[in-house]
Amino acid sequence: MLHTVLVANRGEIACRIIQTAKRVGLRTVAVYSEADIRARHVEMADEAINIGPAPVAESYLNPNRILDAARSSASDTIHPGYGFLSENAAFARDCETAGMIFVGPHVHTIETMSDKAQARQVAEQAGVPVLAGIRSEDQSVAGLVSTGSILGFPLIIKPVSGGGGKGMHVARTPAELQVLIPTSQREAQTAFGDERLLLERYLDQPRHIEVQIFGDQHGNVVHMFERDCSLQRRHQKVIEEAPAQNLRPELRSQLTEAAVAIAKAISYCGAGTVEFLVSGDEFFFMEMNTRLQVEHPVTEMITGIDLVEWQFKVAAGEHLPCKQNQILCLGHSVEARLYAEEIQNGFLPSAGDLLWLRFPPNNKHVRVDTGVKMGDTIGIYYDPMIAKLIVHDCEPRRSWQRMTQALQHCGVAGLGTNLSLLRGLSSHTGVRCADTDTEFIERNANEFVDTNPTDVDAASALAAFYLWRNDPFCQRHHRRGDADSPWSGASGWRLNLPPELRFNFEIDGIAREVVAKANGNTLDSQIEDRCYQVFESMTPGEDLFIVLDGQMLRGTAFMSGHNLLVGVNGLFFTVTDSQSAQSSQIDQNSGTVQATMTGRVIQILAKPGDQVVKGDPVVVLEAMKMEHSLRAPVTGQVRTLDTNLDQLVEQGVIVATIDSEPTPLTES
């Protein structure tokens, strides 16, 4: 019998585990860093314990602090969630030594399968095809480059431990490999506490198909069908669906049988995922995750099984609740991950406050898993996921329609998100028919990056409405009590001329002039030969509405600092005064090096007086378990360096200046 479970994780997965734990009658204990003191998972748990500062090495990746929290709360069970310590064999062993149940596979299984080189051997021995790869004992840059040259290019660099795309990079030449190895090592050390790397032959444009398996302590193993996780960026999944479309029945059977064979070969116990790369009719073992996956909800939706409840049952020594022939695949499910990131800036993570947040309501077709609420902050220390939207229906076409509808009811203000990307993907014909591969998003990113002109125009109309209703001049007639006088009105009345209001501002840095006229409580704005009618909801504090060509759009507008934020169907734009915006702009051709994201300085590669060439890295930032180089915008000499190692810098802050060399004259 399990009594008290400590969830050694944070965010949406901690909330997800606590929800099921409470439903099955377990007392729940949350752990939190100083940055998460007001987090949603902390509020949900029966008890919450602080485990240290925000950096993961001092909190969520510190086994001693987790175990101390478990002892002080009299927890008999520890659920690691995914990420962090979930695939850390030493932590699982420490739990057992302390007399606590670790919700996961046996220590030996974790040791074997979390080491990607050993996992490859298990797959080969089980008769499952693998791609050529080597884990070199020599982990120096020179040693790994030598190993890579033996394998041939292109190669993928993988951390030996962990998963989730962290630390993975593709090298197509020895020079690229030499540059990327130190980056992969640092990212692997930060994410998993293990900098060892594996090199493997890179397969261009495969599909990423994974199989959910489950085993118990009595030798029983079942699969719960497969998921298609091909839609990725930076080797991290964005949208998943179950079951996979466009798989021949024979190939589908081969994949599930291979996954079960690998699980049985290592006497697997608990929830796990076997991941494959599929190219045509061929498939290759990629890795096994000895934990619950981020995308497990799509499997729950098509099977009706609560995988976390099964985890607790198996951890308590029970048999699997169902045999293989009792597990049915019912309908189709799709999951989309809503991230805080700048899709127009190479998908770099975005940090900031969640000033406005809206999700569709949960029902039998739609599920939202999130660990945040309005007013929370997405910081630089953890994964930038905001929420997961999961939908289910009887077949793929209807599931994708539901996903598009669910995304239309989402909205986030205060930081950049991938919401427009998700909306574009969910309505794309190729995506809906699973005509995709792991490079689909990178290949077609430009399709989804550009902002819809109609949204910009509607946002401009919203901005004009807000300025009209909130500008002090527009309120004069209320103060004077003379609403019938044309001189105190705000309708744009002019003697012997048609009434007209003009608004000038910048929206996301683009200058706009909106010509409008007031019609009672409605403002009609003429933009690009189209009329946008904006009016308020009858309920105070509710949405604004925009009517365009008979279609009604939802809008939101509010001030944040000196900026006006306006949202159209959940996509937000920043409105600034034209003059102040122009004065704050920095010449992109100058020698100013700015932080493109909020992050911690982990490398300084130049100092004052150094000569640099345009494109040379000057400073390296780390945020949300990934690195980004700030590069010299011009060739010249470094004049100032305005940052230090380990310093936290905000997005837009100037970290260095470079005096540009004059362009040499060429003889004619």
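Using a Förster distance of 22 angstrom, determine the FRET efficiency expected from the C-beta separation of N452 and C531, and round it to 0.05.
0.75
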(message) Cross-link candidates for K607: which lysines have Cα within less than 28 Å, leaving aside residues fewer than 8 places away along the same chain?
(response) K625
(request) Enumerate the amide H contacts of F347 below 5 Å, restricted to partners 5 or more residues apart or on another chain; note that Pro and chain-start residues carry no placed amide H. (result) E342
(request) Report, ordered by chain and residue number, the aspartates and glutamates lying within cross-link reach of K614, taken as a straight Cα distance under 16 Å and ignoring same-chain residues fewer than 8 apart. (result) D587, D659, E661
(request) Tell me the GluC sites (Glu not before Pro) within region 102-156 that lie in a loop according to DSSP and have at most 11 other beta-carbon atoms within 10 Å. (result) E137
(request) Add +1 for every Lys or Arg and -1 for every Asp or Glu among the other residues with Cβ under 13 Å from the Cβ of Q647, and state the total. (result) -3
(message) How far apart, in nanometres, would the label points at I510 and E395 be if each is projected 7 angstrom from Cα along the Cα-to-Cβ direction?
(response) 4.0 nm
(request) Hey, can you grab everything whose amide H is under 5 Å from the amide H of D376? Only 5+ residues off in sequence or another chain; H modelled, so Pro and N-termini drop out. (result) L354
(request) Please give the peptides 254-266, 599-611, 422-434 ranked by average Cβ packing (other Cβ atoms within 10 Å per residue), highest first, as a rough proxy for protection. (result) 254-266, 422-434, 599-611
(request) At 7 Å along the Cα-to-beta-carbon direction for both R358 and T640, put a label point, then send me their distance in nm to one decimal. (result) 4.3 nm
(request) Apply the Karplus parameterisation 6.51 cos²θ - 1.76 cosθ + 1.60, with θ equal to phi minus 60°, to every residue of region 111-126 and state each ³J(HN,Hα) to the nearest whole Hz, in sequence, with x for glycine and proline. (result) 4, 6, 8, 7, 8, 4, 5, 5, 4, 4, 5, 4, 4, 4, 5, 8
(message) I'm spelling it out carefully: the read-out is volume of the Cα convex hull per residue in Å³, the candidates are [x] 230; [y] 201; [z] 150, and one was derived from this structure. Which label?
(response) [y]
(message) Take the residue pairs K116/K313; K166/K237; K166/K313; K323/K364; K22/K264; K364/K388 and return only those whose Cα atoms are more than 20 Å apart.
(response) K116/K313; K166/K313; K323/K364; K22/K264
(request) Pop a pseudo-label 7 angstrom from the Cα along the beta-carbon direction at both V179 and H108 and give the gap in nm to one decimal. (result) 4.6 nm
(message) I'd like the distance separating the alpha-carbon centroids of region 40-115 and region 375-390, in whole Å.
(response) 21 Å
(request) Show that you can apply the helix-only estimate: for the chain, add -39,500 (n - 2.57) for every DSSP H stretch of four or more residues, divide by all residues, and state [θ] at 222 nm to the nearest 500. (result) -8000 deg cm²/dmol
(request) Find out how many positive minus negative residues lie around H79, taking Lys and Arg as positive, Asp and Glu as negative, among other residues whose Cβ is under 11 Å from that of H79. (result) +2
(request) Give the distance, in whole Å, between the Cα centre of region 157-204 and the Cα centre of region 310-349. (result) 25 Å
(request) Go ahead and collect, in residue order, the members of region 216-260 whose backbone nitrogen is under 19 Å from a label point 7 Å along the Cα-Cβ direction of N325. (result) 220-225, 253, 257
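Coordinate-derived values only; no laboratory data. Quick caveat, the model's predicted, so the values are computed rather than measured. With ideal geometry, Cβ positions are generated from the backbone for all residues, glycine too; neighbour counts draw on all protein chains shown.
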